[in-house]
Amino acid sequence: MHLQTELAPTLISSSAGISSVYMQQLLNVLESDFPDIKSTAAAHIIDTDRLTSDIRYRVPIYKALRLYETINKQLDDPLFAIKTVFKLRLKSFPIMGYAMMASDTLELAIQRLARYEPLVWDAGQIELKKGPDKSFLIWSARHEVPPLAIEMALAGWINIGQKLLQFKETSYTIYFQHSCPSTPEQYQLMFGCKVVHDADKNAVEFPSEWLGITLADGDSQLTDVMDAKAQSLLDNYDTEINLENRVRSHIFKSLAHHAPELEDIAQKVGESPRHLRYLLTEQSLNFRSLVDDVRKETALYFIQAGKHSLNEIAGFCGFAEQSSFNRAFKRWTGLAPGRYE
């Protein structure tokens, strides 16, 4: 189960990301089985210092997925990502976890899950389809992502649901659109229920009567506080929470055509150049540094993919001359492009 090379440009050009709080929690859980997780994360150009110091930092999703694919290969355990998510606590799901916990009923908790999931990560969207006897909670990807990401999403639901309901009912079924990368028995043992692969949707099916279950930790006052906080974050999602990744996305899309200029990128994100510069400064970000960073990440990806010539990579990264690319690459890594592995 490896990230396909042809998917990478789509993922790199996406503005989707994972919150620093959630990513840090995942790394903390992984550390017991993967002691060098932080250095491995840094090798995948994830700023581990910002994970603990900058709550607005959102790790671009392609970086997080490439990291998990690397760990998957080294551990040789198709279920490691699911196991990791099951170890998380509700507070690992920033704002959303507390808002769900304080909900009066499971249905209200699911509604908050659908609304606030982008605060954790924004790779997909959630839909609740209610029926007279059975209901479905469906996850649809906004971007083409590997099966590992889908399994983590649904494992997160099951983990949260088990903690909210505080009982061990297993009368639900999990559906995955992809084929089973292991054995059906392993998946059923891990989830404690029936798991169906090669399905027509990614979803959890459960009795509709569960929607009315009163949650033990329901707290209307806490719910109001969490809702207000979460809504405030969502209201400022484009200009604050996800500004950096939106800018990075447009920089990447511009690289192969011309050197990205702040004026052009500002127009694409719907801001004046002056206001965009101000917004970036407020987050201690610099436009030229972002351009340089995106170039570096793009060059490293394509070199590691091993399917393109250095001249092609230089052109895609927006360098008119191979010599300019070589100098920049040596500044980034300390090595010439041809010597980088």
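Given Cα positions, please report Rg to Rh for the chain, the hydrodynamic radius being the Kirkwood one.
0.99
Would you kindly work out the equivalent ellipsoid of the range 19-131 from its C-alpha gyration tensor and give its semi-axes, the square roots of five times the eigenvalues, largest first in whole Å?
With the √(5λ) rule applied to the range 19-131, the semi-axes are 27, 16, 13 Å.
For the chain, modelled as a Gaussian network with Cα springs under 10 Å, which listed residue fluctuates most, 110, 213, 313?
Its mean-square fluctuation being the largest, the pick is 213.
Run through the DSSP bridge list for the chain and note the antiparallel percent, rounded to the nearest 5.
Just about 85 percent of them are antiparallel.
With axes computed from alpha carbons, what is the tilt in degrees of helix 243-255 against the longest principal axis of the chain, rounded to the nearest 10 within 0 to 90?
50
Based on alpha-carbon centroids, what's the gap between the range 12-91 and the range 114-184 in Å, whole number please?
19
Nearest 20 debye, what's the magnitude of the dipole of the chain about its Cα centre given +1 on Lys and Arg Cβ and -1 on Asp and Glu Cβ?
So the dipole magnitude of the chain works out to roughly 680 debye.
Suppose a student asked you for the relative contact order of the chain, using Cα pairs under 8 Å spaced at least 6 residues apart; what percent would you report?
Relative contact order comes out at 17 percent.
Per the Cauchy relation, a quarter of the hull surface: what is the mean projected area of the convex hull of the alpha carbons in the range 39-98, in nm²?
4.7
Two decimals is fine: what is log10 I(q)/I(0) at q = 0.21, 0.28 Å⁻¹ for the range 265-335, from a Debye sum with one equal scatterer on every Cα and no solvent?
Relative scattering, expressed as log10 I(q)/I(0), comes to -0.88, -1.18.
How big, on average over all directions, is the shadow cast by the Cα convex hull of the range 121-236, in nm²?
It is 8.4 nm².
Readers should treat all values here as calculations from the given coordinates under stated rules, not as data from a laboratory. The structure displayed is predicted, hence computed values, not measured ones. Here Cβ is always computed from backbone atoms with ideal geometry, including for glycine, and neighbour counts include all displayed protein chains.
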